[in-house]
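Worksheet: the structure to be examined is printed underneath.
The values are calculated or read from the model by the stated rules, or taken from the named source; none is laboratory data. Note that the coordinates shown come from a computational prediction; the quantities given were computed from them, not determined experimentally. Quick reminder, even Gly has a Cβ in these numbers, built from the backbone with ideal geometry, and neighbours come from all protein chains shown.
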Amino acid sequence: MKKDITMKKNNFVKGAFITTFGIVLAKLLGAFYVIPFHSLIGDAGGALFGYAYTIYTFFVSLASAGIPLAISKLVSEYQALGYHNTKLRVFLLGKRLALIMGAVSFVLVFLLAPFLAQWVLGGVHGVNSVKDVTFVIRVIGSAIVVVPILGVYRGYFEGHRFMSPPSISQVLEQIVRVFVILFGTYVAVKVFHFNLSTSVGVALFGATIGALISYLYLVDKKLKNKAKFQERLRPVNEPIVSNQLIFKKIIYYALPFIVIDFFKSFYNFVDMVTVVKGLVNVAHYNPVDAEVIYSSLSTWASKFNMMLSAISSGVVVSLIPNLTDSLVKGREKDIQKKVTQAISLLIFLTLPMTLGISFLSRPIWTLFYGDSLYGPSVLSYYIFVGFFSSLFVALIMILQTLKDYKAVFFSLFAGAFIKMFFNTSFIAVFDQMKFPAYYGVISATIVGYLCSIILCILVLKNKYNLHLEEIIKNIFDILCGCIIMVFVLCLMKIFISITTSTRMLSFIIILLYGIVGACIYLIFAYQLGIIKKIFGNHMIQSFRKLIVRK
């Protein structure tokens with residue numbers, strides 16, 4: 001009986017909540033470990049960690065980024081058609097492809113590590129050396145062997161709308177990873193007194209161990225629930241689909257996802273090779289400060305953006321199989337409704353979080369990392385990258401699911417071109433305007449994402465009759481709620497200062513302002529009917545029943 005409870009299928013909204021909750025919990029674990037981790041490795045170690053992780057995400061996007069969602073989409077498609085045997089062969093061929101891609105990518109990372117390290121540093125002599133960067137890139141490269149096959153299993157579960165096991169696996173992966181990072185780094189630094197690059201290498205190896213444990217959990221879960229995956233929706237005369245055709249479809253569906261993740265990583269890659277050099281050569285920062293700023297962008301501030309991307313991932317992961325099902329069955333109105341609901345839900349959840357984090361950037365940074373010359377300033381603006389990135393990813397995934405690949409690629413190329421073209425020039429512009437020069441880097445990213453978002457919305461409106469008026473109305477209501485929330489917080493600031501130098505006081509301030517802000521926003525949203533409009537009567541009644549039972 002317990003197995004049945006954990007393996008129930010989920011509709012879109014419930015599935016979105018399950019996956020979002022799991023991803024958010026995993027990201028929370030990935031955010032809070034940075035408090036002790038920062039104290040162990042400092043800003044120089046954070047820069048080294050950021051160099052390696054940017055390279056890792058770049059290559060893992062090539063090896064596996066498209067596989068989970070492609071498997072999910074294809075399994076969902078064949079499940080809707082009743083093609084049970086074909087669905088199973090999708091899974092087997094996906095595993096084979098993942099193993100090949102993972103192995104090839106690992107070899108490439110290992111061999112290219114010295115050249116990548118040289119390119120990253122570009123002759124700027126900060127704290128870290130080419131040898132250090134080469135070592136950490138090779139260490140984290142080992143995770144690329146495991147991550148693709150893990151993605152196949154997650155996609156197989158999600159394609160059947162079993163959202164709980166993949167969500168649990170993500171939490172489990174993060175728990176193991178965080179344990180290795182903290183315990184391993186502590187032992188490396190405090191017990192064995194290893195140098196900085198070795199200590200960071202130990203922390204980075206946590207990605208490999210976490211992915212391996214998560215993979216073993218899903219393998220076990222699948223073996224114990226064979227009957228669930230063998231259920232047939234209805235008897236059909238299943239046609240013979242060749243392995244070659246299935247393989248082509250996996251590549252066909254995966255390629256857009258790979259391109260999407262490639263361009264997401266490309267934004268970080270551009271920063272990696274231009275920020276330090278641009279700040280030193282254009283804005284005349286000293287190399288040590290430039291590395292501190294890059295560390296703040298790539299490693300420390302980005303942890304908070306992960307919270308917003310987690311919400312986006314939860315919504316998208318649940319939306320894709322539901323949207324695919326509607327697409328296969330030709331339900332155009334259902335597609336319009338789900339897309340409108342997904343975009344509104346995403347903005348409803350992420351916009352108040354973005355404004356709240358920006359408003360409380362100083363106490364948040366103090367709580368996590370202590371005093372910093374650049375950190376709070378970076379976070380207060382960089383968090384908006386997380387908001388626009390989340391919306392951008394959701395829209396791209398929707399277009400991909402609707403098979404409008406031309407619009408997907410065009411919007412991706414347009415945004416990436418803007419980022420690459422303006423990154424260094426914006427540093428100079430903001431420096432000349434007497435603003436922090438690193439705001440130019442952040443602005444280039446936001447402009448790139450915004451360009452892609454506008455293009456995606458125009459396509460959805462013109463080709464798929466997206467209910468743009470309804471979305472705009474929802475955004476306006478949400479924005480009004482956010483404005484009222486920020487206004488109340490500004491009034492509070494007159495009486496309760498948010499400037500503090502102690503972690504305990506910072507925590508109290510964040511908790512107090514967070515509770516007040518959330519209550520103001522939710523009360524306003526409820527009174528205006530935004531919650532009912534976005535979540536529907538069924539979900540509201542479910543929450544009420546849950547509260548009454550308690």
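Which of the helices (runs of 4 or more DSSP H) contained wholly in the range 203-303 include at least 1 residues that are over 20 Å from the mean Cα position of the chain (by Cα) and without any contact (Cβ under 8 Å) to a residue 40 or more places away in the chain? Give the steps one after another, and end with the answer.
Numbers: elements: 206-224, 226-229, 243-281, 287-295.
Those helices (runs of 4 or more DSSP H) span 206-224, 226-229, 243-281.
Out of VAL147, VAL133, VAL109, VAL152, one residue alone is more than 18 Å from SER64 (Cβ to Cβ) and either touching a residue at least 60 places away in the same chain (Cβ under 8 Å) or part of a helix (DSSP H, G or I) (or both). It is VAL133. Restricting attention to the range 369-383, does a residue exist that is more than 21 Å from TYR439 (Cβ to Cβ) and out of contact with any Ser or Thr (no Cβ under 7 Å at 6 or more places or on another chain)? Yes; the residues of the range 369-383 include at least one that is more than 21 Å from TYR439 (Cβ to Cβ) and out of contact with any Ser or Thr (no Cβ under 7 Å at 6 or more places or on another chain). Checked against the criteria, SER425 does not count as among the polar types (S, T, N, Q), in contact with a helix residue (DSSP H, G or I) (Cβ under 6 Å, 6 or more places away or on another chain) and modelled with pLDDT of 90 or more. Six or more apart or on different chains, Cβ under 6 Å: which pairs go from a residue in the range 439-453 that's within 11 Å of TYR267 (Cβ to Cβ) and in contact (Cβ under 8 Å) with a residue 12 or more places away in the chain to one that's among the small types (Gly, Ala, Ser) and surrounded by fewer than 24 Cβ atoms within 10 Å (Cβ to Cβ)? Could you list them? Pairs found: TYR449/SER389. Within the option set ILE427, ILE396, being surrounded by 20 or more Cβ atoms within 10 Å (Cβ to Cβ) and more than 23 Å from the chain's Cα centre (by Cα) holds for one residue only, ILE427.
Pairs are defined by a Cβ separation below 6 Å, a sequence spacing of at least 6 or placement on different chains, a first member in the range 343-356 that is more than 21 Å from ILE457 (Cβ to Cβ) and surrounded by fewer than 22 Cβ atoms within 10 Å (Cβ to Cβ), and a second member that is modelled with pLDDT of 90 or more and β-branched (Val, Ile, Thr); the pairs so defined are LEU355/VAL486.
When you look at GLY184, is it among the small types (Gly, Ala, Ser), farther than 21 Å from PRO148 by Cα and under 29 Å from the mean Cα position of the chain (by Cα), yes or no?
Working: among the small types (Gly, Ala, Ser): yes; farther than 21 Å from PRO148 by Cα: yes; under 29 Å from the mean Cα position of the chain (by Cα): yes.
So GLY184 fits the description; yes.
Of the residues making up the range 307-362, those that are hydrophobic (A, V, I, L, M, F, W, C), under 30 Å from LEU379 (Cβ atoms) and at pLDDT 80 or above number 14.
Only one of ALA80, ALA47, ALA70 is touching a residue at least 12 places away in the same chain (Cβ under 8 Å), crowded, with 24+ Cβ neighbours inside 10 Å and over 21 Å from ILE149 (Cα atoms). Can you tell me which?
Working: ALA80 fails: crowded, with 24+ Cβ neighbours inside 10 Å; ALA70 fails: over 21 Å from ILE149 (Cα atoms).
Checking each option against the conditions leaves just ALA47.
Might you let me know whether the range 201-215 holds any residue that is buried (at least 23 other Cβ atoms within 10 Å of the Cβ), modelled with pLDDT of 90 or more and either among the acidic types (Asp, Glu) or closer than 27 Å to PHE247 by Cα (or both)? Among the residues of the range 201-215, at least one is buried (at least 23 other Cβ atoms within 10 Å of the Cβ), modelled with pLDDT of 90 or more and either among the acidic types (Asp, Glu) or closer than 27 Å to PHE247 by Cα (or both), which makes the answer yes.
Table: residues versus (1) in contact with a Gly (Cβ under 7 Å, 6 or more places away or on another chain); (2) farther than 30 Å from THR134 by Cβ.
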site: ARG177; (1), (2): yes, no
site: PHE192; (1), (2): no, no
site: VAL200; (1), (2): yes, no
site: GLY206; (1), (2): yes, no
site: LEU216; (1), (2): no, yes
site: ASP220; (1), (2): no, yes
site: LEU245; (1), (2): no, yes
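Quick check: is even one residue across the range 377-384 within 20 Å of SER298 (Cα to Cα), of a type in the set (A, V, I, L, M, F, W, C) and in contact with a Lys or Arg (Cβ under 9 Å, 6 or more places away or on another chain)? Taking every residue of the range 377-384 in turn, at least one turns out to be within 20 Å of SER298 (Cα to Cα), of a type in the set (A, V, I, L, M, F, W, C) and in contact with a Lys or Arg (Cβ under 9 Å, 6 or more places away or on another chain).
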